[in-house]
1. Counting only heavy atoms of the protein chains, get the accessible area per residue of the range 1-141 (1.4 Å probe) and round it to a whole Å² value.
2. With a 1.4 Å probe and every protein chain kept in, tell me what percent of the accessible surface of the chain is carbon plus sulfur.
3. Show me the ranking of peptides 161-170, 104-113 by mean Cβ neighbours inside 10 Å, starting with the highest.
4. Treat every Asp and Glu Cβ in the chain as -1 and every Lys and Arg Cβ as +1, leave all other atoms uncharged, and give the resulting dipole magnitude about the Cα centre to the nearest 20 debye.
5. Nearest 20 debye, what's the magnitude of the dipole of the range 1-125 about its Cα centre given +1 on Lys and Arg Cβ and -1 on Asp and Glu Cβ?
6. State which stretch of the chain is the longest one without any exposed trypsin sites (Lys or Arg not before Pro), exposure meaning a DSSP loop state and at most 14 other Cβ atoms within 10 Å.
7. Tell me the mean residue ellipticity at 222 nm calculated for the chain from its helices only (DSSP H runs of n ≥ 4, each -39500 (n - 2.57), averaged over every residue, nearest 500).
8. Where nothing but the Cβ of Lys and Arg (+1) and of Asp and Glu (-1) is charged, how large is the charge dipole of the range 121-169 around its Cα centre, in debye to the nearest 20?
Amino acid sequence: MLYLLSPFLNLFLNQLTQKQFQQVLIGSIAIFSFWATFSHLPILGMNEGYSISTFLLLYTLGAYFQLYQLPFKWKSGWYLFHYFNIAVGLTVYFFLIDYKDWMIDYHSPFVLLASVLLFLFFKETHFKKTWGNKIIPFIFGIYLIHEHPLIRTLLWEEWIPIHQIIQQPLMNLILLGLSTLIFIVCLLLSLPLHKLSKRIFEILLTKLN
């Protein structure tokens, strides 16, 4: 749906001045992040952040960073530092004060700010070319494979006894190992799928031309 709407969204956003763009962003964040999180109004249909509204908000944020520079510029490490501050703060709050699951919904201001900080960290960091760069095109494919509704159900309900694992004292180490294994397996699966889809698109483009 986002792909279908993006050309029209681009047309709208490119017509805005920077000040108008900022007003659109402030209004969108106020409604679809702050208001949606703290009011819990079902009429907004946020579905814990699994909604087209959240995707459009993130798309608009990304477009702003693409078109305009921030009024301030930090070293990339500061973005990562503040990202971890939010993560640690939420963790401490959950375990020591009160667990509020709505605070970590995908449209929550805390998650939204953490996402922006993490995005800016990678935007402002210049990595040297390594073998890691070669797997970047496959990252989205890895996500799509293991998060597919059918695979996800099999993975976490039948193949991996997740409810038993989270009760183990070495839970974090076990989950880290499992995550690494899933990453490697999905990477190996995505390599031929990537080549196949690339070839299909080349054929379609040739015929369209």
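1. Here the residues of the range 1-141 average 70 Å² of exposed surface.
2. Carbon-and-sulfur percentage of accessible area, whole number: 70.
3. The peptides rank, most packed first, as 104-113, 161-170.
4. Once rounded to the nearest 20, the dipole reads 1000 debye.
5. About 440 debye.
6. My reading of the result: 130-209 is the longest stretch.
7. Calculated from helices alone, the mean residue ellipticity at 222 nm is -21500 deg cm²/dmol.
8. I would put it at about 420 debye.
The values are calculated or read from the model by the stated rules, or taken from the named source; none is laboratory data. Not measured: the values here are computed from a predicted model. Quick reminder, even Gly has a Cβ in these numbers, built from the backbone with ideal geometry, and neighbours come from all protein chains shown. All accessible areas refer to the heavy atoms of the entire protein, side chains included, with ligands and DNA or RNA removed. Shrake-Rupley method; radii C 1.70, N 1.55, O 1.52, S 1.80 Å.
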